[in-house]
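Chemist: Before we start, here is the structure in question, set down as structure tokens.
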Amino acid sequence: MPEARSWQVRWWQSQWQSATGRWRSATVEQRLTWRLSAISAVVGLVVAVASVFAAGPWDSGQRTAERARAAGSSGTGGERHGAGPGRSVPSASPVLAPLGTAAVAPSPDSGDDAVPQPTRAGLADALEPLLDDGALGKPRSVSVVDSATGQQLYGAQADTQAVPASIIKLATGIAALSALGPDHRIETTVVVPGDGAKAGAKGKDKGKGKDKGRIVLVGGGDPTLTARATKGAGAPASLRQLADKTASALKKSGTESVRLGYDTSLYSGPVLHPIGPNENISPVTPLMVDEGRLDDSDHGPAARSHDPAADAAEEFATMLRDRGIDVKGEPQSVKAAKDGKKARPLATVRSQPLSSLVERALTNSDNDIAEALARQTAIAAGEPASFDGAGRAVMDRLNKLRLPLSGARIVDGSGLDRADHVSAALLAQVLVRAADPDHPELRSVLTGLPVAGFTGTLRGRYAQEAVGRGVVRAKTGTLTGVNTLAGTVVDADGRLLVFAFMTNGTTDPQGAQRALDRMASALANCGCR
């Protein structure tokens, strides 16, 4: 070792002497060029650092206020997520770390040890001191799994059932994708009802403004249907576009006056989530615009409509009037088809693909989308589109994916209900299945995960855990007394691991959240062998 250090000193001395010689022999123009390059590099570094401080991971005021309110509220409160209206979400792709070759190794017996798996002992050394953090409640449930092999590398009470909070959305998303496929789109339609009404068809009365019957706005379960102006092919389904199509079809048939109904019969059971009226979720109906929000936000907590379906129908009536259609009276709740008579479609708009809805639900922890995904799963399974039917359908889909469901109970799609109980082992395997090359249809469960320090519900976190920033991708879960985190991380050797951390009974929500973030960063920081 002394010889090695001596050689290193001599090598650096030679490099310095060489550089000094080049400087002395350089022309004035060359020296000026080098100076300008050095100054540009320093300026660029200063600008980059300033940008991080100005827009970066300290943007957490809303989360801090949210935790303060949660700590002072009763145990029946709902989860709160999101950076608030008006804040953009930066692209995640530039911050993702590359994987080592073993990240896609076919099996632990393949002989490919270019990037070996972490060992249980190594993971225990990294994680167990952090599990002793007093801010964590009980249970303290952990599962760390190799994504390529599905093998659990470390577990601590991994099979213990606990309240998951919002990380249950991982199960909701994978169930919906499995049932319907990533390209499925949810339709919102306007129809001529099947009860003998003649709106949209030529009748004997040709006079302008004559009432020729009823049309019905039928909710298909798309909570992202928007009444706002939209741009681009990837925009949500537009109520304005639906009004354009409807007015055009009516005028083409000679109809300029209608009565408007709206149909919410696709869903059954209670409309209100068991947590009751809440700024984290609207009444769950198949017809709403902009998630029933009463402000201009598109994610996070917001005041909500008490009757999103009626409000959507009234807004649609106004849009039709603006397009020259005389809508008589107030919209009425009706069924589009009666006595087995089929309704005739007049106009249709379609949601973004299901893969995009899953990504949005996970990135922003969107409860309204999550409940819609659960009900779409129920409809595909022939179950009632209710809380009970959706819970059964999601469990059935997870079972078909051969996931470990022993003791699990899922009663909603969003995780707001404390009756949900699952294990860390189950949620880790959900992520493994999403990463499985044999299931590309499930991939948006991974691509929708927030990126630590950059996007979604992790944007304001990892300020003190720099090693995890941009490397950890995870779904957050927060209820009063509940803190959870589940996602993926690339370890120091470049191997992709999945993890699920769950703790209940916490009394220091900020401390518990920091403890979970430190655990994820610990995985990023080690090869753990």
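The values are calculated or read from the model by the stated rules, or taken from the named source; none is laboratory data. Because the structure is a prediction, the values reported are computed rather than measured. Note: ideal-geometry Cβ built from the backbone for every residue, glycine included; neighbour counts use all protein chains shown. The area values use the complete protein model at the heavy-atom level, side chains included, leaving out ligands, DNA and RNA. Shrake-Rupley method; radii C 1.70, N 1.55, O 1.52, S 1.80 Å.
Chemist: I want the local charge near Arg350. Using Cβ-Cβ distances under 14 Å, sum +1 for each Lys or Arg and -1 for each Asp or Glu among the other residues.
Modeler: Charge balance near Arg350 sits at -1.
Chemist: How large is the accessible surface per residue of segment 437-529, computed with a 1.4 Å probe and reported in Å² as a whole number?
Modeler: Accessible area per residue: 27 Å².
Chemist: Report the Rg/Rh value for segment 293-339, based on alpha-carbon coordinates and the Kirkwood definition of Rh.
Modeler: Rounded to two decimals, Rg/Rh equals 1.08.
Chemist: Continuing with the same structure: Quick one: Kirkwood hydrodynamic radius for segment 355-442, alpha-carbon pairs, angstrom, one decimal?
Modeler: Result for segment 355-442 stands at 13.4 Å.
Chemist: Let me spell out the model: positive unit charges on the Cβ of Lys and Arg, negative unit charges on the Cβ of Asp and Glu, origin at the Cα centre of segment 414-529. What dipole size does that give, in debye rounded to 20?
Modeler: Using Cβ point charges on Lys, Arg, Asp and Glu, segment 414-529 gives about 260 debye.
Chemist: Return the distance in nm (one decimal) between the two label points of a simple spin-label model at Ser268 and Asp244, each offset 7 Å from Cα along Cα→Cβ.
Modeler: 3.8
Chemist: Now for a separate question. Between Glu314 and Ala466, what is 0.36 nm times their sequence separation minus the Cα-Cα distance? Round to one decimal in nm.
Modeler: Difference between extended and current length: 49.8 nm.
Chemist: If you stretched the chain out fully between Asp307 and Arg529, how much longer would it get, using 0.36 nm times the residue separation minus the C-alpha to C-alpha distance?
Modeler: 74.3 nm
Chemist: May I ask you to give the solvent-accessible area per residue for segment 349-422, in square angstrom, as obtained with a 1.4 angstrom probe?
Modeler: 33
Chemist: Let me ask another. Which log10 I(q)/I(0) values does segment 264-328 give at q = 0.21 Å⁻¹ under the Debye formula, counting every alpha carbon as one identical point scatterer?
Modeler: The Debye formula, applied to the Cα set alone, gives -0.86.
Chemist: Could you do me a favour and compute the accessible area per residue for segment 232-319, 1.4 Å probe, result in Å²?
Modeler: 39
Chemist: Using the Cβ atoms and a cut-off under 15 Å, what net charge is assigned to the surroundings of Pro384, where Lys and Arg are +1 and Asp and Glu are -1?
Modeler: Neighbourhood net charge equals -3.
Chemist: Still on this structure, please answer the following. P(r) tail for segment 222-343, what percent of Cα pairs lie past 20 Å?
Modeler: Everything past 20 Å amounts to 49 percent.
Chemist: Please list the equivalent ellipsoid semi-axes of segment 377-529, computed as the square roots of five times the alpha-carbon gyration tensor eigenvalues, in descending order and whole angstrom.
Modeler: Its equivalent ellipsoid spans semi-axes of 28, 19, 13 Å.
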